[in-house]
Every structure is written in C-alpha cells, then in structure tokens.
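We did not get these values from a lab; they are worked out from the coordinates using the rules stated. Worth saying up front: this structure is predicted, and the values here are computed from it rather than measured. When we count neighbours, we look across all protein chains shown, and the Cβ atoms used for this are built from the backbone with ideal geometry, even at glycine.
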Amino acid sequence: MGLSVNEVIAKVPFLAEAKNMKTTPLTGGITNMNYKIEADGKMYVLRITGANTEMLGIKRDVEHAANKVAGELGIAPDVMYFIEPEGYLLTRFINGKHIPPEEIVKPNYLTRVVRKLRLFHKRAPKLKGTFNVFRHVEMLTKVSKEHNCKFPNDFDWIMQKAKEVEKALLKDPYVPTPCHNDLLNLNWMDEDTPGEIGEIRLLDWEYAGMGDIFFDLGNFCHHHRLSDDQVRFFLQEYFGEVTPKNFARLKLMWPMSELHESMWGTTQTGISQLEEDFQGYADLWFGRLRQHVTDPRWDQWLKDVAKPDRKK
C-alpha cells in the first residue's frame, strides 16, 4: 500500500515545515499519481508511483539519477527531493504548456527536441540501468503470460519480425548510451519564461537507461507519426546528414518501439489496478506495428543497417 500525499509531505523536511500548503491533483498520468504542491510561495510536482511498476521494468533509483542529471543539464525539471525507500520524486513545477502533437512536428520544435535528446545522449553519465527493447519485450511477455494476459493470434509472427530486426542490428551493434526511452507527447512541455523564450522540458524518466539512441529517435517518431520527410529532417538535425543506414535504423526501431508499447499495454491488463482500457491500448499499437513491418522497403532496411554509410 502506497503512502498518502500527507504522509509523503511529512517525509520531506522543507514541505513538512511549510506554513502554507496546497495540493492539487494533476491529470494525464496512467501509471502514477501526480500532484502540484504549493508551499510557502514555491511550487513543486510530487509523483507517487503506482503499484507493481517494478513488473514493467521500472527502477526508481535509475529514474531518480536520470531525472537529476537531466535537470542539471537543463533538459528536465530539477529534482528537489527523492523520497526513499518508496522511490517517489519531488521536482520543480514547470509553468508552461504541453505542446500539441500537430505543433511539435513542425521544424522549429523538431530542432528543439533533437537538441535536448542529443544533449542527454552526449553529456549524461552512465546510468546503472539498461534499456534494450528486445530484452524488455521478452520480460514483459513473461510477466504477461504469468498473469494470463491476452496475446494477438499472430504474436509468433510479430516476434519473428522483431528477431529479424535484432539480427540485422547486431551486424553493427549500438554503443550503450544514456536514453530516455518514453518520448510520448505528454512528456514534452514548453516552459513559459516571462520576457524570454522558454525552454522545452522533458518529463517522466522512469524508463531511462543505457540504450540505443535509435530507440529514442524511433520512439519519438512513432509517438508523433512523423512522415518520411519529417524523419529525414529529424535525422539531419541530429546527425548533420541523412544516410541510408541511419534512416533504416530509425525505421526498424520505429515498430520495435510500437512493440514495446503493445506489450506495455498487454502487461498492464494483468497487473494494473487502474480502470483504464489497457487492452485497447495494446491492440492499437499492435495494429500500427503490423503496418510498419509489412512496408515494402522492409527487406531493404534490413540490408541497409549493415552497409557503410553514404549520403542519401
């Protein structure tokens, strides 16, 4: 049983001593409960983690470390306190707005997104946790089977397509790099800074770990349904060029990210205590995955990831 908001506040010295306090639930989260805390004129966000999240592969100490360094790099809201052993986070409240999906895919925003991701990839120290999508999907599959979750009839075929991708990518193994791994639209905010152009901020670091930068890139692209032209712009901004190899790697990681979303939803149908349509969520992403792994360019992408780079 998790702690109540008041019990958590009592464990944070500067909140427990505050003379004026107001708590307001924040909407938008599925796995966790989030609250806006106003204490003596300062504002924070408190995250109380959901039950059984360790079954989703989440490690709260890794989340804390990743969020902390991302805050120090100007990417995420600063971590103000880490509540142990529960693993709850208190961060600075961002006065800003979520970026609509139709806006974040425009060139100006894509450039800003790329710069934040690349900064974390290049400057964050090594994290203690790992995120390999293939191993993560295996873990979620095991947990789902243990909880008698529903799998699609063509799951064996879907996993065969995943094995094709892993085999192709292993011809040029990735260098484990600090990654976020959960770049859905709700995790991006545009901070409002009076008199200045605000910074874009990245929230929710619970899946952070040492991973493949192309999972991050593909994850953002699939959540925002980028067109091929937008993908090329995205890669150009990140790498300074677009090659058949980096284009193919992103296009192969895209459906692997969709597979992870599908299995996340499948697992939640068995372990979550929340009244959410997790089966519908899983079915949505399985459907999108099928479309991408049957793309007529699929076999060419499997070849391109092992070739030397040349300009596209």
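List of remarks:
- Bridge orientation summary for the chain: considering DSSP beta bridges with both residues in this region, about 95 percent are antiparallel.
- Reachable lysines, given that their alpha-carbon falls under 21 Å from the alpha-carbon of Lys11 and they are not under 8 places away in the same chain: Lys19, Lys22, Lys36, Lys42, Lys59, Lys68
- For the chain, alpha-carbon Rg and Dmax in angstrom: 19.9, 64
- Over the chain, relative contact order from alpha-carbon pairs under 8 Å, at least 6 apart, %: 18 percent
- Between Glu275 and Lys19, full extension at 0.36 nm per residue minus the direct alpha carbon distance yields a gain of 88.6 nm.
- Gap separating the Cα centres of the range 248-306 and the range 204-222, nearest whole Å: 14 Å
- Set of lysines with alpha-carbon distance to Lys245 below 18 Å, sequence-local pairs under 8 removed: Lys167, Lys171, Lys303, Lys307, Lys311, Lys312
- Rounded to the nearest 20, the size of the Cβ-charge dipole of the chain about its Cα centre is 1020 debye, with Lys and Arg at +1 and Asp and Glu at -1.
- Maximal additional length on extending the Met33-Lys145 stretch stands at 37.6 nm, based on 0.36 nm per residue less the C-alpha distance.
- Helix-only arithmetic for the chain: the sum of -39500 (n - 2.57) across DSSP H runs with n ≥ 4, divided by the residue total, places the mean residue ellipticity at 222 nm at -15000 deg cm²/dmol.
- Relative packing of peptides 278-289, 57-68, 209-220 - highest average C-beta neighbours within 10 Å first: 209-220, 57-68, 278-289
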